[in-house]
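Input: a single structure, listed below in structure tokens.
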Amino acid sequence: MEHEQTARILVAGTGPAGLIAALGFAAAGFPVTLVGPEATAPDGRTTALMNPALKVLERLGVLEDIKPKAAPLKVMRIVDATSRLIRSPVVTFRASEIDEDQFGLNLPNSVLNPALASKVAAHAGIEWLKSMVATWHLDAEHVRAVLSDGSSVDASLAVAADGRLSPARQAAGISTSARSYPQAAFVLNFRHSSDHAFTSTEFHTETGPFTQVPLPGNRSSLVWVVRPETATELAALDDATLSMRVEQQMQSMLGRVTIEPGRQIYPLSAVTPLRFARDRVALVGEAAHVFPPIGAQGLNLGIRDVDDLIGIACENRSDPGAAKALAAYDFKRRPDILARSSAVTLLNMSLLSDMLPAQMARVAGLGALGGFAPLRAFFMREGLRPGSGFAALAGGLRRPAR
């Protein structure tokens, strides 16, 4: 029996990161128990998944079903829409500049999440218990989750995909540094009269980014970061007035705007755990990192968490929750997570800051990106796959030397 030398994996949490973790571990030959209820609340948000994350979905057999309902991201632009003294030029990133057809796909969560859930439900290697974890018991040998229906699950490793307030993370005694921002994300979808040409535009404003991301047809999704009180005001506007406000904010770039039903507000915060694994618990997704929605990093980072964790578990099949396996996971994820979260936090703080040096640094950085193609290519590669920008630079430096 394979199960005797391959230890059981317990995945807590049924958001996209948890569902992907369950599918990934099952595909790698581990017996998996997934714990958590099926999502019922409608989610109007979209998720921009970059090519490496899409490759993972393809491997898990999920991509084919959802691709027709997603829009490719071929061009990404940053527009300085602040009214400040110093403003940066428009920076345009084209996938074709780094020999890619697209950076990724923008997927409605209402398409992605059900596709993942039905794949999990149909998988013979995954036992899905649709109950919540009531208490965690962690010891040297194994992890035990007692569920709210009284049953319990034992495993070698608990994958904490249970969100930003992660009870599993608390049970493992992992402390976090957290900060809340004077910002909220106002989220909706809209139609527009002009073609988006698969271009996403991030307008930088004094309260944060206003980001339009293409959807199939003449439709786009919007994440508008504003002060919490402004978000409440915007949400209260009638459709015609709000459509007008969105159109003005994006300088009528996509012509006439018509808001679709369904508006949501999400307060912004940042949470960074002081470690990413401990006591047979490994953190993935929002249990491992929360930061503002700038530059499409969230779930892409979560999928890399899952991928790295599965890789390390495969080298420790008999006991993937052992201390040395968790130390290897923490060591592997730390540079990627800290680099992404600090870059996003810095950019966000530079938008909010009225300090001239912060604005100058942001403008200088964006100006260099806009004006210097090799630097832009480096950032695009690095944005898709950490390390690949450096690898391409090294390759380029070696070529003339030969």
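The values are calculated or read from the model by the stated rules, or taken from the named source; none is laboratory data. Owing to the predicted nature of the structure, the values given are computational and were not obtained by experimental measurement. Every residue, glycine as well, gets a Cβ built from its backbone with ideal geometry; the counts of neighbours run over all protein chains shown.
Applying the set (1) within 26 Å of the chain's Cα centre (by Cα); (2) more than 30 Å from I312 (Cβ to Cβ); (3) of a type in the set (G, A, S) to G150 leaves exactly one unmet item: (1). Among the strands (runs of 3 or more DSSP E) confined to the range 97-215, the ones with at least 3 residues that are more than 25 Å from M250 (Cβ to Cβ), in contact with a helix residue (DSSP H, G or I) (Cβ under 7 Å, 6 or more places away or on another chain) and touching a residue at least 12 places away in the same chain (Cβ under 8 Å) are located at 133-138, 157-160.
Kindly provide the set of residues from the range 249-272 that are outside any loop (DSSP other than H, G, I, E, B) and within 30 Å of A343 (Cβ to Cβ), ordered by number. Step through it out loud before you land on a result.
Applying the first criterion (outside any loop (DSSP other than H, G, I, E, B)) to the range 249-272 yields 249, 257-259, 264-272.
Once the filter is applied, which keeps residues that are outside any loop (DSSP other than H, G, I, E, B) and within 30 Å of A343 (Cβ to Cβ), the range 249-272 yields Q249, Q264, I265, Y266, P267, L268, S269, A270, V271, T272.
Across the range 156-170, the qualifying residues are those that are surrounded by fewer than 23 Cβ atoms within 10 Å (Cβ to Cβ) and at pLDDT 95 or above, and the one among them that is nearest to D330 (Cα to Cα) is Q170. Among the helices (runs of 4 or more DSSP H) confined to the range 1-71, the ones with at least 3 residues that are surrounded by 19 or more Cβ atoms within 10 Å (Cβ to Cβ) are located at 16-27, 51-59.
Every test in (1) crowded, with 22+ Cβ neighbours inside 10 Å; (2) closer than 23 Å to A28 by Cβ is passed by A121 save one, and that test is (1). On inspection, A231 qualifies as surrounded by 14 or more Cβ atoms within 10 Å (Cβ to Cβ), under 24 Å from the mean Cα position of the chain (by Cα), within 19 Å of T82 (Cα to Cα) and of a type in the set (A, V, I, L, M, F, W, C). Residues of the range 311-331 that are out of contact with any strand residue (DSSP E or B) (no Cβ under 9 Å at 6 or more places or on another chain) and touching a residue at least 40 places away in the same chain (Cβ under 8 Å): C314, R317, S318.
Looking at (1) touching a residue at least 40 places away in the same chain (Cβ under 8 Å); (2) part of a strand (DSSP E or B); (3) outside the structural domain of A168 (by TED's automatic domain parsing), which one does A282 not meet, given that it meets all the others? Here A282 clears every test but (3). For A81, indicate whether it is touching a residue at least 60 places away in the same chain (Cβ under 8 Å) and either touching a Cys at 6+ places or on another chain (Cβ under 7 Å) or of a type outside the set (S, T, N, Q) (or both). It is true that A81 is touching a residue at least 60 places away in the same chain (Cβ under 8 Å) and either touching a Cys at 6+ places or on another chain (Cβ under 7 Å) or of a type outside the set (S, T, N, Q) (or both).
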